Each structure stands twice: as C-alpha cells, then as structure tokens.
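These notes are about the structure you will find just below.
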Amino acid sequence: MRVVAGAPPGLLEAINKMRSEARARYGEPLIEVGPAGNSLRATVALPSQEEELRRLSGEFWPGAAVHILVLATRRARLALYPDAGPLDVWRRPRQGSADRGELTTQLLPGDPPAGLLAVRPGRYLVRAPGDALGWVLQTARFRLGPSPTPDAGGDGLVGGPSWDPGVVLKTALGLLGREYVWGGTGGPGVDCSGLSWRAYLAAGVLLPRNSRAQRRVGAKVRLADLQQADLICAVYRGPKRTSHVALGLGPDEVIHACSEWHQVRREPLADFRARYQVLTVRRLPGALPSGR
C-alpha cells in the first residue's frame, strides 16, 4: 500500500489492519489506497470495506474528501461461463492441487455466469450469482464472454412476476441424499444455502448465496403458517450457533442440506426444531397457486 500524503497515522494503521484481515480471509488485501493529497482515494472489492473506510476517514481525517471505487458493485463487462462441469469459486486462491481450500460457491453449466472483477497472476476475482465473491483459477474449465445485460438474466436475474413452488420443491427433492459439501450448489455436493439457491434458480429466482443474506429476502411469516418453498432461517443449537437455512415441504416437514448428517435430508419440522433455533421464516412474493 502506498502512503496517502497527509493522512493521519491512526488512519493508516487502521487501513493496514483492514488489509491484513482481508488477506487472511481472501488471500489478498483487496484494498488499494494511493497518494491523493488532502483526500482519500481507494479501490476496494467489497461494499463493507467501503463502509469501514468511510467510517475510519470520518473518525481520523474528518476534513478529507473520500473517493472509493467498489469493484463488487460495478457491472462487469466480461463474465466467466461454466464449461463441461462445476466451476469452483474459492474463498482464497488455492496454492496447489493438494490445497482443498474453501469453496465460496459453485456454478454448473447453464447457470448465470460470474462477473469478472479483477485479474491476478493465475486467477480471476469474480462476483458469482447471488453476490458471492471469490477466486477462479485460470486453469479451471470456463469460457470468457460478454456479461449479460440485466434484462437478459445473469447478474440481473431476480425472477419474473411469478414463480412455481412446485419447481422449487421438485429441484430440492431431486437433491435428496446428495452429499453435504461446503460451498456446493448441486454438483458433487451442496450446502444449506446452496440447496435453496439451486432450487429457486430452477424456478427463475436468484437468491443471495449465503444463509445470512437469505434471512432478508421476501416477507416474514409465522412458523405456524409455514407453506411449501418457504425459507426457514435458523441457527444450530450447538456451541458454534452455525447459521442455517431449510425449505418448507409443507406445514410439518422440511428439506435441508444437513452438515451433521452429511447429506440432504427431509425430516419432520419438530425434529428440525429440536436441533435448530428458528430465527425467521421468509416467503417470496409471486408464488403461483398449487394446481394452477
């Protein structure tokens, strides 16, 4: 990081801490700050980094002008399209074939593409559908192409005026018994938010890619009014309080990718609630009536 001329030492220390935290999580700092006189100019990857930089600037350098470019909110001109198999998006750049790394998400052929944000030696920084940020190795199987326009799907896919709960449930049930894989979306395996993401994508609706963000979609409804395809957002009752999401199969049954059982399973709602604390139930608008 180049020194920002005139910036207070406290601000520089705070920025260096942000960069260290991002490097530990993503393998790169994802924050570039350059000399800019009596102003702070930076390029960051995440909206949360922009928010934190603005907060720090106001605290340590209130008189400075702040100019920040956020890569993840820009519309990508190029996109990576999955080709002939799952396209893995990694939290950190993998160091070699023996490094299993941590998957952020996976894309399958036919899925909306990942927008290209930045190029680094041997890898691409991408924003995958559902706002999942991560790295794709240049050795992965994909094709580069123009990013789709918002009204043609891809990054702009949010669903039409209506969607079919039957398609959501059919897709989820088709993954029954599939292995639990952190970051998976239905290729070799699937995780909890990957199951709901995949099931809704089949019905033309793009959900956020993680369980915490899925808590904010649609409208809140009572658990007692649970319907098919409702999102049941919860936390595990164990010591780690892991965030979780399941799909309602009806008023008394759910389907979910269960890390404890290492697979996708369906079970009575009562059994699910014995292991998970339900935080909210979310219902997306536009569901077609059953038997239409």
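The values are calculated or read from the model by the stated rules, or taken from the named source; none is laboratory data. Keep in mind the model is a prediction, meaning the values are calculated, not measured. Every residue, glycine as well, gets a Cβ built from its backbone with ideal geometry; the counts of neighbours run over all protein chains shown.
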Subset of segment 255-292 (residues that are at pLDDT 95 or above and either among the acidic types (D, E) or under 18 Å from G186 (Cα atoms) (or both)): I255, H256, A257, C258, H262, Q263, V264, R265, R266, E267, D271
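Here's the yes/no breakdown for (1) modelled with pLDDT under 95; (2) within 25 Å of R143 (Cα to Cα); (3) hydroxyl-bearing (S, T, Y); (4) more than 17 Å from the chain's Cα centre (by Cα):
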| residue | (1), (2), (3), (4) |
| --- | --- |
| E32 | yes, no, no, yes |
| R41 | yes, no, no, yes |
| R55 | no, no, no, yes |
| G63 | yes, no, no, yes |
| A72 | yes, yes, no, no |
| R77 | yes, yes, no, yes |
| L87 | no, yes, no, no |
| A114 | no, yes, no, no |
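Given R55, R77, which one is free of Cβ contacts under 8 Å to residues at least 24 places away in the same chain and surrounded by fewer than 17 Cβ atoms within 10 Å (Cβ to Cβ)?
On the way: R77 fails: free of Cβ contacts under 8 Å to residues at least 24 places away in the same chain.
The conditions single out R55.
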Criterion: assigned by TED's automatic domain parsing to the domain that holds P121, within 21 Å of the chain's Cα centre (by Cα) and at pLDDT 90 or above - qualifying residue of P82, P93: P82
Residue match in segment 199-213 (condition: touching a Pro at 6+ places or on another chain (Cβ under 8 Å), in contact (Cβ under 8 Å) with a residue 24 or more places away in the chain, more than 20 Å from E102 (Cα to Cα) and surrounded by fewer than 23 Cβ atoms within 10 Å (Cβ to Cβ)): yes
Subset of segment 104-143 that is free of Cβ contacts under 8 Å to residues at least 40 places away in the same chain and more than 17 Å from R198 (Cα to Cα) - its residue that is surrounded by the fewest Cβ atoms within 10 Å (Cβ to Cβ): P121
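Residue check: is S259 buried (at least 24 other Cβ atoms within 10 Å of the Cβ), in contact with a strand residue (DSSP E or B) (Cβ under 9 Å, 6 or more places away or on another chain) and of a type outside the set (A, V, I, L, M, F, W, C)?
Numbers: buried (at least 24 other Cβ atoms within 10 Å of the Cβ): no; in contact with a strand residue (DSSP E or B) (Cβ under 9 Å, 6 or more places away or on another chain): yes; of a type outside the set (A, V, I, L, M, F, W, C): yes.
Spelling it out, it is not the case that S259 is buried (at least 24 other Cβ atoms within 10 Å of the Cβ), in contact with a strand residue (DSSP E or B) (Cβ under 9 Å, 6 or more places away or on another chain) and of a type outside the set (A, V, I, L, M, F, W, C).
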Hits in segment 159-196 - residues which are under 23 Å from V136 (Cβ atoms) and either of a type in the set (A, V, I, L, M) or not assigned by TED's automatic domain parsing to the domain that holds R265 (or both): V181, V190, L195
